[in-house]
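Let me begin by presenting the structure, written as C-alpha cells, before commenting on it.
Bear in mind these aren't lab numbers, they're just calculated from the coordinates by the rules spelled out. Since the model is a prediction, treat every value here as computed from it, not as a measurement. We place every Cβ from the backbone using ideal geometry, glycine too, and count neighbours over all the protein chains shown.
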Amino acid sequence: MTLPVSSWRTVFPFTALVDQERLKLALLLNAINPRIGGVLIRGAKGTGKSTAVRALADLLPDVEVVEDCPFSCNPHDPTNMCDVCRSRIERGGRLLIGRRKMRVVDLPIGATEDRVVGTLNIEKAIREGVKALEPGILADANQNVLYVDEINLLPDHISDVILDAAASGWNVVEREGISVRHPARFILVGTMNPEEGELRPQLLDRMALHTEVFTVLDPVLRVEVMKANIEFEDAPAGFIEKYRDQQEELMGRVLKAKEILPKTHVSDQLFEAVARMCISLQVDGHRPDIIIIKSARTLAAFNGKGEVTPQEILDCAFLTLSHRTRNMGVEPPASDRQIEEEFKKALELLQKIPM
C-alpha cells in the first residue's frame, strides 16, 4: 500500500509517538468505527495531546461524498443527505460521487456561533431552503474528525450546539422562524488540561471514550521523546520517510478492521458480563454499556479477529468508564482496579451459571 501524496505533510507520524498506548488505541478505534462517538484526552500541557490527534490524520480512511455538495453528504445514505441531495435522488437523478480522505477539522478558539453552525440569509432561505446557508465548521466536519482543543474552555452556547449535532447527526440553523439543516456526523475529539477547569457533565457524558495522558517518567522513554522531536524538527521529510513502512502497515490494519467489523461477534455471556459489571459499579445510564460493546467489537476487528474476547472487553471498559459518573453523580469514576475486579467477578459468576 502506498500512502497518498497528502500524507507528505509535516505532521509527526502516528507510529513514532512514544508510549501513551491508551491514547493511541482510543484514537484508532474511533478512526475504524466513527459510531463509537469520539474521545476525550485529558492531560497536562506539553504531553503530546494535540500532536497525537494531528498525527491521526494520515491514518484516516477515504470516504465517499457527493462531489458538488457543500456539506459532503454520504451518496449512499439518504439519512445522511441534505435536502438538495435527497431531492435529487427522489426525482430519479444521479449524484456525482467523489472520494476523499477524512480530515481533522479544527474548531478555532474563540469561534463564534455563526462560524460554527453557518450563516443564513433569511430572504434567500424562504426561496431556496438549505441553499441559503453559508456552511460553517459543522458542515466541514461532516464525515470527518472535529477536533476541539481546550474543550473545557468552550462557551456553553457553543458546546451546546456541538452536543446537539453530535447527538442527532444534524446541524440545525434557525433564524426568525426559518429552519434549515444539514448532516453533521463527525468523530468528536477533545483535549483539555484539567488545571484550567473541568468539563461540563453534559459534555463529559457525550465523550464516548476517555484517556488521561501523563508526563513520561521512565528516563529511557523520555530520551526517546526528546530525540524523536528534535529529529523531526531538524529533518521532517527524512523522519516521515523513516516511519513510512510502519505507517503503511498500520493504515492497512485500520482498513482491514473496517472490513472485519460488521462480522465481529460478541457472545451473550460477554454482553451479560458487561451489564453486571456496570450494575456493580453503579455506572449512570446505559450509554457506557453500549460503548464498551461497540469498542470491543472494533478492537477485535483491529486485532484481526471475528470473535470478541474478555480481554478486549476489559481494555475498552477502561477507556469507557474512566470518566463516567456513578450512583447518580455521587461517586467518582471507577478506577482501573475496580473495573477489572468487577468484570472478573461477573465472568466468574456467569461461568458457574449454565448458559
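Helix 310-321 sits at what angle to the longest principal axis of the chain, using alpha carbons and giving 0 to 90 degrees rounded to 10? Between helix and principal axis, roughly 60 degrees. Only DSSP H runs of four or more residues enter the estimate; each adds -39500 (n - 2.57), and after division by the residues of the chain the mean residue ellipticity at 222 nm equals -13500 deg cm²/dmol.
For the stretch 5-213, what relative contact order do you get, as a whole percent, if you take Cα pairs closer than 8 Å and at least 6 residues apart?
Values: 372 pairs, mean separation 60.6, N = 209.
So the answer I get is 29 percent.
Quick one: check the C-alpha center-to-center distance for the stretch 203-266 versus the stretch 300-355, whole angstrom. Taking the Cα centre of the stretch 300-355 as reference, the centre of the stretch 203-266 is 24 Å away. Go through Ala31, Asn327, Ser50 and say which Cα lies farthest out towards the positive end of the charge dipole of the chain; charges sit on Cβ, +1 for Lys and Arg, -1 for Asp and Glu. The one lying farthest along the dipole's positive direction is Ala31. The angle between the Cα long axis of helix 287-302 and the longest principal axis of the Cα atoms of the chain comes to about 80 degrees, rounded to the nearest 10. On the beta carbon distance between Ala237 and Ser87, with R0 = 41 Å, the FRET formula returns roughly 0.30.
Any idea what the relative contact order of the chain is, in percent, if you count C-alpha pairs under 8 Å spaced at least 6 apart?
Details: 579 pairs, mean separation 71.8, N = 355.
So the answer I get is 20 percent.
The value obtained for the stretch 5-213, namely the Cα convex hull volume divided by the number of residues, is 122 Å³ per residue. What the Kirkwood sum gives for the chain is a hydrodynamic radius of 21.8 Å, with every pair of different alpha carbons counted. Histogrammed with a bin width of 10 Å, the alpha carbon distances of the stretch 19-93 distribute as 16, 35, 23, 19, 6, 1 percent, first bin at zero.
Just list whichever of Lys24/Lys294; Lys294/Lys352; Lys49/Lys227; Lys263/Lys305; Lys256/Lys344; Lys45/Lys101 have alpha carbons separated by over 20 Å in the model shown.
On the way: Lys24/Lys294 17 Å; Lys294/Lys352 26 Å; Lys49/Lys227 18 Å; Lys263/Lys305 9 Å; Lys256/Lys344 31 Å; Lys45/Lys101 30 Å.
Beyond 20 Å: Lys294/Lys352; Lys256/Lys344; Lys45/Lys101.
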